[in-house]
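The values are calculated or read from the model by the stated rules, or taken from the named source; none is laboratory data. This one's a predicted model, so the numbers in the text were calculated from it and none came from an experiment.
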């Protein structure tokens, strides 16, 4: 939620409203799918339309090989659909959300590369110290 503009209470209220809307349609996102709920709540404007799109896409995906109830399960299928619908909303917007998400993703990737370089340098220093003491 910290990636999005607005007051904390306002963002929490949006998440609660989307959760209630999805539960009304028997489509709860819970447990490990809560981050998707947060992103969807702050990228989607019409929660009823979002729920209807989720329902229609779910009906379609259930019939596809590998996406049925026994193979994938409704919770994971709903996460995938909610992610795709949120992504579509983000891609179609001209807002700062899109730029902020790209910037944050790039920063995270850069931090990972720096951490990997530090780990490699530490391992090389440890190996050199070990070889010197033998």
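Would you check which residues across segment 43-54 are in a helix (DSSP H, G or I) and under 19 Å from the mean Cα position of the chain (by Cα) and list them?
Selection gives 43, 47, 50, 51, 53, 54.
Scan segment 60-89 residue by residue and report those that are within 22 Å of residue 32 (Cα to Cα) and either modelled with pLDDT under 80 or outside any helix (DSSP H, G or I) (or both).
66, 67, 68, 69, 70, 71, 72, 73
Consider residue 125 against the criteria (1) in the same structural domain as residue 36 (by TED's automatic domain parsing); (2) at pLDDT 85 or above: it satisfies all of them except one. Which criterion is unmet?
Unmet for residue 125, out of (1) in the same structural domain as residue 36 (by TED's automatic domain parsing); (2) at pLDDT 85 or above: (1).
From the residues in segment 1-39 that are part of a loop (DSSP other than H, G, I, E, B) and under 17 Å from residue 83 (Cα atoms), which one is modelled with the lowest pLDDT?
My answer is 1.
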